[in-house]
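The values are calculated or read from the model by the stated rules, or taken from the named source; none is laboratory data. As the structure is a prediction and not an experimental result, all values here were calculated from the model. Because the Cβ atoms are built from the backbone with ideal geometry, glycine has one as well, and the counts that use them run over all protein chains shown. Only protein heavy atoms, including side chains, enter the accessible area calculation; ligands, DNA and RNA are left aside. Shrake-Rupley method; radii C 1.70, N 1.55, O 1.52, S 1.80 Å.
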Amino acid sequence: MRHLMSPLDFTVQELERLFDLAGDMEQHMDRYAHICEGKKLATCFYEPSTRTRLSFEAAMLNLGGQVLGFSDADSSSASKGESVSDTIRVISCYADICAMRHPKEGAPMVAASRSKIPVINAGDGGHQHPTQTLTDLLTIRSLKGRLSDLTIGLCGDLKFGRTVHSLIHALSRYDNIRFLFISPEELRIPSYMTEMLREKGIDYEEVIRLEDCIGSLDLLYMTRVQRERFFNEEDYVRLKDFYILDKEKLSLASPDMLILHPLPRVNEISVEVDEDPRAVYFRQAQYGVYVRMALICTLLGLNPEQETIVSYQGGNAC
């Protein structure tokens, strides 16, 4: 039995197989329409989510499985004081696989240590968001044709952005990657991330103005300034509109640069950019369904050819 806590839990070779499977699912959805019949996915979301929760549910339904769970802590026994450890032991009695989002870093890891079914980290605080990273990697590979030889600009909230941290870790395993970290001083990338890059000999630069570097980018990964991560409203209001990508700034970019965003968007990308062919963030959201379909099948040990369990024999056993 395997869990997914970090994008580094899969080797580069395993990721290639996962992305190949996701690509086949995109092209031949009917081939996989019944592979998870009789299987249940529990979505345990202790904080709000639209894309991640619904894409997990859509993925399982596309595979012929069923979904149960809760969409916020107040609608679960967490509101009565139940621990994550106890919750997952109960969920293991009802479902075959679980996707968990939690505001506390490490909570999904605690759940995985007590679970009798595979657990997927669907985001834990400002720490990791591995399935968003898998989505990002699949999007880049599908639209750029490669995951190496890229200059990537990450813009906005680089301090609290779990999607950014996960993506940096994942891309650091590929050849000839260069990062440009674009943020105000208050939202700079944490020092432990830059120390990791220095240890690996990966080139990076920290800049403040997007206009100064957008012309050199293969990819621009925009992020929102997250109100829920701030300790006071004043700091949030001061920084929330620090970066706004509009047509004027985009005119400085390469014609084949891609614009990604984990969503939700607030003000950081003007709606006028949506029609630009370089804006792929809504396609990115669709790729999230395919990669989660592939991940569910992989962690359940399902053989897509034979539609049989090849390694994991299921939960529902307390």
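In whole Hz, what ³J(HN,Hα) sequence does the stretch 247-263 give by Karplus (6.51, -1.76, 1.60; θ = phi - 60°), x for Gly and Pro?
4, 5, 5, 5, 5, 8, 8, 5, x, 10, 5, 9, 10, 10, 7, x, 6
Tell me the per residue accessible area of the chain using a 1.4 Å probe; a whole number in Å² is fine.
On the way: 13730 Å² over 318 residues.
Result: 43 Å² of accessible area for each residue.
Would you mind checking the tilt of helix 84-94 against the longest principal axis of the Cα atoms of the chain, expressed as 0 to 90 degrees and rounded to 10?
Computed tilt is about 50 degrees.
Considering only the chain, what is the antiparallel percent among its DSSP beta bridges, to the nearest 5? Mind showing how you got there, number by number?
Values: 3 of 38 bridges.
Just about 10 percent of them are antiparallel.
Which ³J(HN,Hα) values in Hz, rounded to whole numbers, follow from the phi angles of the stretch 163-175 under the Karplus curve 6.51 cos²θ - 1.76 cosθ + 1.60, where θ = phi - 60° and Gly and Pro get x?
Each residue's phi maps through the Karplus curve to give 5, 5, 4, 5, 5, 4, 4, 5, 6, 5, 8, 9, 7 Hz.
Please give the length that would be gained between His34 and Asp212 if that part of the chain were fully extended, namely 0.36 nm times their separation in residues minus their C-alpha to C-alpha distance (nm, one decimal).
Values: separation 178, 0.36 × 178 = 64.08 nm, distance 5.04 nm.
Length gained, His34 through Asp212: 59.0 nm.
Considering only Gly65, Gly23, Gly201, give the residue with the highest GNM mean-square fluctuation for the chain, with springs between Cα atoms whenever their separation is below 10 Å.
Gly201
In what order, largest first, do Asp256, Asp136 sit by accessible area if the probe radius is 1.4 Å?
On the way: Asp256 90, Asp136 0 Å².
From most accessible down to least: Asp256, Asp136.
Heavy atoms only, probe 1.4 angstrom, no DNA, RNA or ligands counted: give me Glu185, Glu57, Glu248 ranked by accessible area, highest first.
Values: Glu185 115, Glu57 40, Glu248 140 Å².
Descending order: Glu248, Glu185, Glu57.
Let's test the formula: R0 of 45 Å, r as the Cβ-Cβ distance of Asp24 and Asp175. What FRET efficiency results, to the nearest 0.05?
Working: r = 26 Å, r/R0 = 0.57.
Efficiency for this residue pair is about 0.95.
Given the -39500 (n - 2.57) contribution per DSSP H run of 4+ residues, what per-residue ellipticity at 222 nm results for the chain, rounded to the nearest 500 deg cm²/dmol? Walk me through the numbers on the way to the answer.
Details: 10 runs with 113 residues, N = 318.
One gets -11000 deg cm²/dmol as the mean residue ellipticity at 222 nm.
Specify whether the C-alpha gyration tensor of the chain places it in the rounded, prolate or oblate class, a ≥ b ≥ c being the square roots of the eigenvalues: rounded for a/c under 1.5, otherwise prolate if a/b is larger than b/c and oblate if not. Display every interim value, and only then the final one.
Values: a/c = 1.88, a/b = 1.44, b/c = 1.30.
Note, shape of the chain comes out prolate.
For Glu206, enumerate residues with amide H under 5 Å from its amide H, sequence gap 5+ or separate chain, H modeled in the peptide plane.
Those qualifying (amide H under 5 Å, at least 5 residues apart or on another chain) are Phe181.
Report, to the nearest whole %, how much of the accessible area of the stretch 97-236 belongs to carbon and sulfur atoms, 1.4 Å probe, protein only.
The value for the stretch 97-236 is 44 percent carbon and sulfur by accessible area.
For Thr50 and Lys104, FRET efficiency with R0 = 25 Å and r from the beta-carbon atoms, rounded to 0.05?
Values: r = 21 Å, r/R0 = 0.83.
FRET efficiency, Lys104 to Thr50: 0.75.
Which entries of Lys144/Lys249; Lys39/Lys159; Lys40/Lys200; Lys104/Lys247; Lys159/Lys249; Lys116/Lys159 show an alpha-carbon separation above 31 angstrom in the structure shown?
On the way: Lys144/Lys249 22 Å; Lys39/Lys159 38 Å; Lys40/Lys200 41 Å; Lys104/Lys247 38 Å; Lys159/Lys249 23 Å; Lys116/Lys159 34 Å.
Check vs 31 Å cut-off fails for Lys39/Lys159; Lys40/Lys200; Lys104/Lys247; Lys116/Lys159.
Taking 0.36 nm per intervening residue step and subtracting the Cα-Cα distance, what contour gain separates Asn267 from Val90 on full extension?
Working: separation 177, 0.36 × 177 = 63.72 nm, distance 4.07 nm.
Result: 59.7 nm gained on full extension.
Can you give the extra length, in nm with one decimal, that the chain gains between Glu185 and Asp246 once fully stretched, where that is 0.36 nm per residue apart less the Cα-Cα distance? Before the final figure, lay out the partial values.
Details: separation 61, 0.36 × 61 = 21.96 nm, distance 2.21 nm.
Answer, rounded to one decimal: 19.8 nm.
Please give the helix 191-200 orientation as an angle from the longest Cα principal axis of the chain, in degrees from 0 to 90, rounded to the nearest 10.
Its long axis makes an angle of about 90 degrees.
On a 0 to 90 degree scale, rounded to 10, what angle separates helix 51-62 from the longest Cα axis of the chain?
That works out to roughly 40 degrees.
Which of His34, His165, His129 moves the most in a Gaussian network model of the chain with Cα springs under 10 Å?
So, out of His34, His165, His129, the one fluctuating most is His34.
Alpha carbon centre of the stretch 86-149 versus the stretch 183-220: separation in Å?
25
Place a +1 charge on the Cβ of each Lys and Arg in the chain and a -1 charge on the Cβ of each Asp and Glu, then give the dipole magnitude about the Cα centre in debye, rounded to the nearest 20.
Values: 35 positive and 46 negative charges, 170 e Å.
For this selection, approximately 820 debye.
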